[in-house]
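J.: Here you go, one structure.
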Amino acid sequence: MKIATLNINSVNARINNICTWLKQNNPDILLLQEIKTEFNNFPFFDFQMLGYEAKVLGQKSYNGVAVLSRHPVEIVSENLPNFEDDSARYLECLVTINNAKYTVASLYLPNGNPPYNNPTDTSKFEYKLKWMDSFLQHAANLLHNRKDVILGGDFNVILTPQDVYNPEIFKGDALYRPEVQNRLKYLFRTGWYDTFRTLYPERSGYTFWDYNAGSFQNDLGLRIDYILSSPAMTDCLKSCAIDKAFRAGEKASDHTVLTAEFEDR
């Protein structure tokens, strides 16, 4: 089973990019974040033509997550079940592949940095911490109640100095603050596995390069996209790969695709 995650930064603006990638790579499941569209404007037909059913939690112009599957899929939860939220950031589904059932979720954690015109405003960071606390609680419940679980998406967390091209620049940034790092580390202590780091403990593994001139060409990147697996799924982990070619494409997202492959049940 092959599952991929991608912050697409507007699915309608980049529908050609993602359809081309799907034709070339044919994953079983694709998790999308920042689709930036409401349900009625989502390009369902384009994905259906490629054999994918889409489940969508949309929002106009901002946020939004989706799960695309070549197999039977049903929605389990729209947004975190224990957190009231006006933003579309979490979509959990049940996917059936060869009679095996997998719980998968596409998530887009808050950025947490203040508005540019009000750098002393801490409300977005406070929201990020509250969102993460609710997510940690739900993730613990998932491990307790279900065996085969995969959580993928844009976590907006730079976990270690190894995960950023210049740690000094990001000191004080909401992606790199110890409060968010410690929460993600706690997630791993409770039993979740970072698929990329499980296989490649020493690689940089960047998944994001901003649009500033030369950032991608000079590999000035961040690792903020993750695929996390439950212990049972980690036992089946075969590979994890970052497809930098997607980021190099015309009109690309500022993120690229992260893919993990697991042995079939």
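The values are calculated or read from the model by the stated rules, or taken from the named source; none is laboratory data. Remember, predicted model here, so these are calculated numbers, not experimental data. No Cβ is skipped: glycine too gets one built from the backbone with ideal geometry, and neighbour counts run over all protein chains shown.
J.: Considering only residues that are under 20 Å from S61 (Cβ atoms) and assigned to a strand (DSSP E or B), which ones fall in the range 1-47?
T.: Hits for the range 1-47 are L6, N7, L32, Q33.
J.: Find all pairs meeting these conditions: Cβ atoms under 6 angstrom apart; at least six residues apart or on different chains; first residue within the range 123-140 and more than 23 Å from V104 (Cα to Cα); second residue buried (at least 16 other Cβ atoms within 10 Å of the Cβ) and at pLDDT 95 or above.
T.: If the second residue must be buried (at least 16 other Cβ atoms within 10 Å of the Cβ) and at pLDDT 95 or above, the pairs left are K124/G112; F125/G112; F125/A174; Y127/P110.
J.: Next up: Testing N212 on (1) polar (S, T, N, Q); (2) more than 19 Å from the chain's Cα centre (by Cα); (3) not in a loop (DSSP other than H, G, I, E, B), one condition comes back false. Which one is that?
T.: (3)
J.: Now for a separate question. Quick one: which of L94, L30 is in contact with a strand residue (DSSP E or B) (Cβ under 6 Å, 6 or more places away or on another chain) and buried (at least 21 other Cβ atoms within 10 Å of the Cβ)?
T.: Every option except L30 fails the conditions.
J.: Here is a further query. Could you please let me know if D148 is within 25 Å of S69 (Cα to Cα), within 16 Å of the chain's Cα centre (by Cα) and modelled with pLDDT of 95 or more? Break it down stepwise before answering.
T.: On the way: within 25 Å of S69 (Cα to Cα): yes; within 16 Å of the chain's Cα centre (by Cα): no; modelled with pLDDT of 95 or more: yes.
Taking the combined requirement at face value, the residue does not satisfy it.
J.: Given (1) under 19 Å from F83 (Cα atoms); (2) buried (at least 19 other Cβ atoms within 10 Å of the Cβ); (3) aliphatic (A, V, I, L, M), where does L136 come up short, assuming only one miss?
T.: Result: L136 fails condition (2) only.
J.: Given the conditions (1) modelled with pLDDT under 95; (2) more than 21 Å from Y62 (Cβ to Cβ), report the number of the one that Y116 does not fulfil.
T.: It is condition (2) that Y116 fails.
J.: If you take the residues of the range 218-249 that are part of a strand (DSSP E or B) and among the small types (G, A, S), which of them is farthest from F170 (Cα to Cα)? Walk me through it before giving the result.
T.: Looking only at the range 218-249, we keep the residues that are part of a strand (DSSP E or B), and these are 222, 225-229, 237-243.
Keeping just the survivors that are among the small types (G, A, S) gives 229, 239, 241.
Values: S229: 28, S239: 30, A241: 25 Å.
Only one residue tops the list, namely S239.
J.: May I pose another question? Of the residues A232, A260, only one is under 14 Å from the mean Cα position of the chain (by Cα) and closer than 25 Å to D28 by Cβ; which? I'd like the intermediate steps shown before the answer.
T.: Working: A232 fails: under 14 Å from the mean Cα position of the chain (by Cα).
Step by step, each of A232, A260 is checked, and only A260 is under 14 Å from the mean Cα position of the chain (by Cα) and closer than 25 Å to D28 by Cβ.
J.: Looking at the structure I just gave you, is L184 outside any helix (DSSP H, G or I), among the aliphatic types (A, V, I, L, M), under 17 Å from the mean Cα position of the chain (by Cα) and closer than 29 Å to F216 by Cα?
T.: On the way: outside any helix (DSSP H, G or I): no; among the aliphatic types (A, V, I, L, M): yes; under 17 Å from the mean Cα position of the chain (by Cα): yes; closer than 29 Å to F216 by Cα: yes.
Against the criterion (outside any helix (DSSP H, G or I), among the aliphatic types (A, V, I, L, M), under 17 Å from the mean Cα position of the chain (by Cα) and closer than 29 Å to F216 by Cα), L184 does not qualify.
J.: Take residues that are out of contact with any Phe, Trp or Tyr (no Cβ under 8 Å at 6 or more places or on another chain) and at negative phi and tell me which of the strands (runs of 3 or more DSSP E) falling wholly in the range 50-161 contain 1 or more.
T.: Working: elements: 53-57, 65-69, 73-78, 90-97, 100-108, 149-154.
By residue number, 53-57, 65-69, 73-78, 90-97, 100-108.
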